[in-house]
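See below for the structure under consideration.
The values are calculated or read from the model by the stated rules, or taken from the named source; none is laboratory data. All values derive from a computational prediction rather than experimental measurement. Neighbour counts are summed over all protein chains in view; Cβ atoms, including those assigned to glycine, are modelled from backbone coordinates with ideal geometry.
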Amino acid sequence: MYSIDKRGRRWHSKEFKQEAVEACLTPGVSVAGVALERQLNANLLRRWIRAAVAKRQAASVVNAVAMPATPGPVFIPLRVGRPTKAPTAEPPIRIEMNKGDARIVVEWPMSNPAACVVWLKELLG
C-alpha cells in the first residue's frame, strides 16, 4: 500500500496512485469514499486526479500534433472567368433574354437544333 521515507512521510507507488485515480474516474463513484477505502486524504487524492487528467490532456495534445491529420477535402484552385471557346466551323445558336435587370445568354451547338427547340419550349412553357 505505502512505504515510509526517511522523514516519516508515507510514499505511494505509481501503481497505487493510478489504481486510486482510475477508481475515482468511474462514473458515480465518490472521491471521498475511495480515499477512505485506501486510507488517504481526499484532498491528496483529488490532487492526484488533477495531475493524471492534466497529463492525459497533454499527451492527447502531443499525439494530435504528432499524428498526421486524416485526409480531408483538398483545395483545388479554380480560375473564374469567361470560358475559352473551342474553335467551331459553324456559329452556335445564340438566344438572349432579359428579365428585369438580369440578362441570360444561351449558346446552343448548331449540330442539335431540335434539342434547342425542345428546351426553349419547356423554358417558355
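Consider R56 against the criteria (1) within 30 Å of Y2 (Cα to Cα); (2) at pLDDT below 85; (3) surrounded by 13 or more Cβ atoms within 10 Å (Cβ to Cβ): it satisfies all of them except one. Which criterion is unmet?
(3)
Starting from residues that are over 15 Å from E15 (Cβ atoms) and of a type in the set (D, E, K, R), keep the ones in segment 32-60 and report whichever is nearest to the chain's Cα centre (by Cα).
Going through the qualifying residues, I end up with R56.
Test V65 against the stated conditions and say whether it is outside any helix (DSSP H, G or I), exposed (fewer than 13 other Cβ atoms within 10 Å of the Cβ), within 35 Å of the chain's Cα centre (by Cα) and modelled with pLDDT under 75.
Here the answer is no, as V65 does not meet what is asked.
So the check is Cβ under 9 Å with 6+ separation or different chains; which pairs have a first residue in segment 9-29 that's on the phi < 0 side of the Ramachandran plot and in the same structural domain as L40 (by TED's automatic domain parsing) and a second one that's of a type in the set (F, W, Y) and assigned to a loop (DSSP other than H, G, I, E, B)?
These pairs meet every condition: R10/Y2; W11/Y2; H12/Y2; S13/Y2; F16/Y2.
So is R79 modelled with pLDDT of 70 or more, surrounded by fewer than 10 Cβ atoms within 10 Å (Cβ to Cβ) and assigned to a strand (DSSP E or B) or not?
no
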